[in-house]
Amino acid sequence: MGSETPSSLSCMKCGAPISLRAPGLTLVIACPSCGALNDVTNPNIAFLIKANQKTPIKPLIPLGRRGKMEEILYEVIGFMRRSDASGIYTWDEYLLFNPYYGFRWLMEYKGHWIFYKMIKDNIEITPYSAIRKKVAYKRFLVGKAKVQYVLGEFYWRVQLGDTTKVYDYIAPPEILSCEEDGSEKIWSHGIYVEPKEIQAAFQTTFPLPKPIGVGACQPGLGGKSSDSFWLVFILFFILLTFVQISSSTMCRDEEVWSSNNLLLTADTDKVKTSPSFHLNQKIADVKISSHASLQNNWIYLNLDLINEDDGKIYPMGREISFYDGYDDGYWSEGSTHDEVFISSVPEGNYHLVISPEFPADLSNEIVDIKIERDAPNWTNYVIFSLLLLVGPLGLQAYKMWFESKRWQESDLPG
């Protein structure tokens, strides 16, 4: 057929000259002057497909433009706009050609680009997936594709209004697409390409449209980048745990004063004062623990740790409250126990002043109080662990949002 097909011809409708970029392979070419579709297999036969193309469409990548995809130089020889059966959703397809590697396709939809190659692999189909080379692609869409506009040349006899059934299966950043016209099925394998890569490859004279939403096979935060993120999180968590356990085992955890069954009255003028006690070590933490056997009530403790050597006061207020009951089952909130750490307390002689506050229906309360020097403190460990979790939880939330946006374009739930 190659010897019979010319490299140039005149449009059968308007007579304008037309040059072929893939002579011997092209079957139909759209006249750049009038838009008529010409059969070029035998120019002596006046085969003219009447074009009913309305407003001309300017492709984002001009016909004749060359660019490298996967290190291979291709030329844009054809452009097609297609739509779903309703005509509401449209996308553009660019036919690429290299005389040694054949034809490829670039598809653009809402600023998202996919680079396609036709394949002849064995594809295993299940109700909701397609399996190729042991990789499962999830079914994304089943619909129809209708030709709305053509420009340039094509290797089959394309006509306006041509409609085929299409199936898309995704395994981001890859996609499997099948087109069926009743007589045959054609499979293509595609991979997502960032707009900036298309821009650089074909040196377009103006910026390409920014992507809208999430593309069908657009990669999200996953794969190696996600694995690296989780590896860093696990390593930091292991390091944090190691540091916490090491520092806890080195703590002296010395009890310096305690008072069991300390009777506190509602009269706040009658404060309780502990005996003097000595804190060893130049600088270390102090832990104050308190316990009250409360039942559906609360007590507030004003605590002042006073340095007898320089008069410095370390004030704090601590509330102990506990409530429980039955409402479609047992429930409880609060705790009868409380503890607080005071950091970087210097060595010296100290005493503790305790001033209680009660509700009106509680005249007095028995409280146990204990003071420890250089006790293990897990508070910072818990805080930093929760902060570390912000990353993974944020990543998971973003991935869920990303996938929900992707599957909004599908006819199946994600």
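The values are calculated or read from the model by the stated rules, or taken from the named source; none is laboratory data. Source: prediction; values computed, not measured. Every residue, glycine among them, receives a Cβ derived from its backbone with ideal geometry; neighbour counts consider all protein chains shown. Ligands, DNA and RNA are excluded from the accessible area calculation, which covers all protein heavy atoms including side chains. Shrake-Rupley method; radii C 1.70, N 1.55, O 1.52, S 1.80 Å.
Tabulated data
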{"read-out": "Filter pass, Glu174 being of a type in the set (D, E, K, R), over 20 Å from Val135 (Cβ atoms) and either within 27 Å of the chain's Cα centre (by Cα) or buried (at least 22 other Cβ atoms within 10 Å of the Cβ) (or both)", "value": "no"}
{"read-out": "Filter pass, Tyr326 being more than 44 Å from the chain's Cα centre (by Cα), surrounded by fewer than 17 Cβ atoms within 10 Å (Cβ to Cβ) and among the aromatic types (Phe, Trp, Tyr)", "value": "no"}
{"read-out": "Exclusive hit being hydroxyl-bearing (Ser, Thr, Tyr) and either assigned to a helix (DSSP H, G or I) or at pLDDT below 85 (or both), set Ser332, Ser259, Ser290, Ser248", "value": "Ser248"}
{"read-out": "Any pair with Cβ under 9 angstrom, 6 or more apart, that starts in the range 187-216 at a residue that is within 14 Å of Met69 (Cβ to Cβ) and ends at one that is surrounded by fewer than 18 Cβ atoms within 10 Å (Cβ to Cβ) and hydroxyl-bearing (Ser, Thr, Tyr)", "value": "Ile198/Thr204"}
{"read-out": "Trp401 vs. criteria part of a helix (DSSP H, G or I) and surrounded by 16 or more Cβ atoms within 10 Å (Cβ to Cβ)", "value": "no"}
{"read-out": "Leading residue by the ranking (farthest from Leu141 (Cα to Cα)) among those in the range 67-100 that are of a type in the set (Asp, Glu) and not in a loop (DSSP other than H, G, I, E, B)", "value": "Glu75"}
{"read-out": "Output for the range 238-281, where each listed residue is small (Gly, Ala, Ser), surrounded by 15 or more Cβ atoms within 10 Å (Cβ to Cβ) and in contact with a His (Cβ under 8 Å, 6 or more places away or on another chain)", "value": "Ser274"}
{"read-out": "Cβ-Cβ under 8 Å pairs, at least 6 apart or on other chains, the range 393-414 side closer than 21 Å to Ser129 by Cβ, far side in a loop (DSSP other than H, G, I, E, B) and of a type in the set (S, T, N, Q)", "value": "Arg406/Gln218"}
{"read-out": "Residue within the range 370-379 that is assigned to a helix (DSSP H, G or I) and not basic (Lys, Arg) present", "value": "yes"}
{"read-out": "The range 151-163: number of residues that are modelled with pLDDT of 90 or more and surrounded by 17 or more Cβ atoms within 10 Å (Cβ to Cβ)", "value": "0"}
{"read-out": "For Ser183: the one exception among (1) farther than 24 Å from Gly102 by Cβ; (2) of a type in the set (Gly, Ala, Ser); (3) assigned to a loop (DSSP other than H, G, I, E, B)", "value": "(1)"}
{"read-out": "Checklist (1) more than 42 Å from the chain's Cα centre (by Cα); (2) open to solvent by 70 Å² or more (accessible area, probe 1.4 Å); (3) touching a residue at least 24 places away in the same chain (Cβ under 8 Å) applied to Asp368, failing item", "value": "(2)"}
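Conditions (1) at pLDDT 95 or above; (2) open to solvent by 30 Å² or more (accessible area, probe 1.4 Å), marked per residue:
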residue: Ile88; (1), (2): no, yes
residue: Phe97; (1), (2): no, no
residue: Phe103; (1), (2): no, yes
residue: Tyr116; (1), (2): yes, no
